[in-house]
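Step one of this worksheet: look at the structure below.
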Amino acid sequence: MNKEILTYKRVLHNLTVSQNVQVLRAVNEGIRPHTAMLPGIQPVFETFGVELSSLDNFLKKNAKAFETEEIVILDDKRDFTVRAVIAKVQYHYDFALTDKEREEARRLLYVVEKYRDVAKKEYESETALLRSLANELQQTPDLLDRFGITDLVAKLKQENEEFEALYNVRAQNVHDKQLKGNTAKYRTAANKTFDNLCKVVTGLTLMPLSEEEKTAVENIIDLINGQIQQATLVYNRHAGVVAGKKKDDENADVVKNNGE
């Protein structure tokens, strides 16, 4: 088996707490069905779930520490848009004029069905799920064009990114500072169990496995790597925003000094 898990420790270390937990949640939810094929992975996967739940519960208890009116407004916008996406897909399926049209709509319906309750999730979980929904839908651009939802899906993706950017800045500026000690404890424990999980998965690639088990391991690696890649993009985008703001501030100071 040639697949390997991408380097992730530095990425997780550089993320904010909320970004970090989004990655772990997405991994936990994504690989769960595949772990059922691998009894040897169950103990470490269950431990990972326990530590992730501890971190998750701790963050939820303190979520109000950085919730603002702006965050609520952006969350309402993306909630409305995702409901519109789901409703439009459902409409085209229910009122399809031909068998072919219904079958095409069914392909999109299969995707959105998994996300019907996404607007009820906690902020971090919803952000990760909406990112996955938009990415899945954009894998079939021909169908999005045919049913007139290309712009709506793009709008959802943009609104989710705007929410994530504001939420993460707020989290880094307030939440991480206020709760640094306890947050670090829970975060370290969750990341350590994730590291153990990755080591077990890597170990399985070196063992003789059935075809079904090989497929499960490969799917797990693909899902983990997908989240690592997404996390890297999120961090790079955030780092670029911070660097840009710093440069703008420096330029403003130069202008101000030159004007004095």
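Data for the structure
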| item | result |
| --- | --- |
| Of the criteria (1) touching a Lys or Arg at 6+ places or on another chain (Cβ under 6 Å); (2) free of Cβ contacts under 8 Å to residues at least 60 places away in the same chain; (3) closer than 30 Å to Lys199 by Cα, which one Ser125 fails | (2) |
| Among the residues listed as Ala189, Ala171, Ala231, the single one being over 30 Å from Val89 (Cα atoms) and either assigned by TED's automatic domain parsing to the domain that holds Thr7 or at pLDDT 95 or above (or both) | Ala189 |
| Ser54 being within 18 Å of the chain's Cα centre (by Cα) and among the polar types (S, T, N, Q) | no |
| Yes/no for Ala105 being within 21 Å of Lys157 (Cα to Cα) and among the small types (Gly, Ala, Ser) | yes |
| Pairs, first assigned by TED's automatic domain parsing to the domain that holds Val112 in region 77-93, second polar (S, T, N, Q), C-beta under 8 Å, six or more apart | Arg78/Asn160 |
| Subset of region 124-155 (residues that are assigned to a helix (DSSP H, G or I) and more than 25 Å from Val21 (Cβ to Cβ)) | Pro141, Asp142, Leu143, Leu144, Asp145, Arg146, Thr150, Asp151, Leu152, Val153, Ala154, Lys155 |
| Test: residue in region 86-99 that is within 21 Å of the chain's Cα centre (by Cα) and part of a helix (DSSP H, G or I) | yes |
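The values are calculated or read from the model by the stated rules, or taken from the named source; none is laboratory data. In this text the structure is predicted, and so the values were computed from the model without any measurement. Ideal geometry is used to build each Cβ from the backbone, glycine not excepted, and the neighbour counts take in all protein chains shown.
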